[in-house]
1. Among the numbered criteria (1) among the hydroxyl-bearing types (Ser, Thr, Tyr); (2) at pLDDT below 90; (3) under 16 Å from residue 111 (Cβ atoms), which single criterion is violated by residue 157?
2. Say we look at the range 162-187 and pick out the residues that are in contact (Cβ under 8 Å) with a residue 60 or more places away in the chain and under 33 Å from the mean Cα position of the chain (by Cα); which of these is least open to solvent (accessible area, probe 1.4 Å)?
3. Being at pLDDT below 80 and of a type in the set (Lys, Arg), is that true of even one residue in the range 193-207?
4. Considering every residue within the range 103-116, establish whether at least one is modelled with pLDDT under 70, under 18 Å from the mean Cα position of the chain (by Cα) and loosely packed, with under 12 Cβ neighbours inside 10 Å.
5. Among what's in the range 58-76 and is surrounded by 14 or more Cβ atoms within 10 Å (Cβ to Cβ) and in contact with a Gly (Cβ under 9 Å, 6 or more places away or on another chain), pick the residue that is farthest from residue 90 (Cα to Cα).
6. Residue 192: within 16 Å of residue 107 (Cα to Cα), open to solvent by less than 90 Å² (accessible area, probe 1.4 Å) and of a type outside the set (Asp, Glu), yes or no?
Amino acid sequence: SLPSGPSPEIFRRAKFDRPEATPALWQLLFRVLAPLPLDNPLASLAPEVQARLVKSALRSQGYPRLALAQLPEDGSQGSRELLLALSWLLARGPVPEQMLAQTRVPLGDEMTVCQCEALASPGPPAPQVRAEDPVDVRYVQWLMGKLRFRWRQLVSSQQEQCTLLSKIHLYTSGCHGDQSLGHLSVAEAEMLRDPEGGQQLLRTLECENRRLEAVLTWRRTELVFWQWMDTVLDTCAPRAPAAASQGTFLPGIPEHRGGELELVAWELRALQEELQEAAECRRAAWEAKAGGCGRGPEWSAVRRASREAVEKELGALQRCWEQDRDPAQPHGPHRLVRREDGAAGDWDLRAAEVIRTLRSQEACLEAVLHQLQGQCRQGLARLAGALPGLIWIPPLGR
């Protein structure tokens, strides 16, 4: 849901960089960047963890000010900088509309056809785990088999859901008050079956209406907020030229580790020189080997295969471009309506059109998949040829 937000007094204190306004703004930024339900365990993280996640999310979105990354994570200072970060998010995109789209209550059976990026934020980034010990190949194969099995389960569950959805639409035909729909949706059928669930849905819709009213109020007073933010910028001290021209964020380095970092930098430079020498030797050997390969049947086969691969990729790109320039390309969620007569309105989308679009997208993805599989086979063959005495048995084609 939309965060309730701090009081206007918090914003007034943040304008003058008062420390007591910092914790509330850290929490507000966390709820804006990672909108989670209140019962989610990640919603009750420690303030220090929330501050680290906010820094990471803003940096990944390209927040330009380096002062935010240097703020302490204990909430002791930096309220004005947090206020500037919040205003940057509001100016960058329609944040209230995005949060409303995540909590919208669908009353009908909808399906999203387009492949646009989701408006929802992915939430806090997952922690990265590095494997210290070598990974067994059999374990990787087991994971791949498990993933393939889960995909089959997902597809079968989707098919079962479509079958049940079709039965509900068929059995409730003629029960809807709107003649353009003609049948009930799953949510409407559930309300008839469970009246208490209908009361819960009514309370959810009332909450959504309050959120919509809050967004409309924000749109009416948004100009006042930006005029007030101009006064906040006037209170900010001008940045030094050196800090303004700094391109990337460099974290502070403790003085007692300076010698270790110098040693690491020296080792990296030596490794870079060694890699450059090895690359030059391999480039010279490849040029000497490929010097006389401009003729003959083997070279002709290589050129023919390369030409076919390029033509396939160009054809896939052309098909994607023709789909993108089509003004009738399906976009956004569409409500599923069963029609016996096959009639469709001006803004309706037929199932045949959706199937045709999905099949075209599937063909493009299949072409890219085959290209990547060929590159992987070539890489495996190259690695197998570099190890003497190794017998490489490629897997059977699926």
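The values are calculated or read from the model by the stated rules, or taken from the named source; none is laboratory data. Owing to the predicted nature of the structure, the values given are computational and were not obtained by experimental measurement. We place every Cβ from the backbone using ideal geometry, glycine too, and count neighbours over all the protein chains shown. Protein only, heavy atoms only, side chains kept; ligands, DNA and RNA dropped before computing areas. Shrake-Rupley method; radii C 1.70, N 1.55, O 1.52, S 1.80 Å.
1. Status for residue 157: all satisfied but (2).
2. Of the residues in the range 162-187, the ones in contact (Cβ under 8 Å) with a residue 60 or more places away in the chain are 165-166, 169-170, 173, 180-183, 185-187.
Pick out the ones that are also under 33 Å from the mean Cα position of the chain (by Cα) and you get 165-166, 185-187.
On the way: 165: 34, 166: 47, 185: 2, 186: 63, 187: 32 Å².
For the range 162-187, the residue satisfying everything is 185.
3. Scanning the range 193-207, I find no residue that is at pLDDT below 80 and of a type in the set (Lys, Arg), so the answer is no.
4. Looking for residues that are modelled with pLDDT under 70, under 18 Å from the mean Cα position of the chain (by Cα) and loosely packed, with under 12 Cβ neighbours inside 10 Å, one finds at least one in the range 103-116, hence yes.
5. Checked the range 58-76; the qualifying residue farthest from residue 90 (Cα to Cα) is 71.
6. Details: within 16 Å of residue 107 (Cα to Cα): yes; open to solvent by less than 90 Å² (accessible area, probe 1.4 Å): no; of a type outside the set (Asp, Glu): yes.
So residue 192 fails the test.
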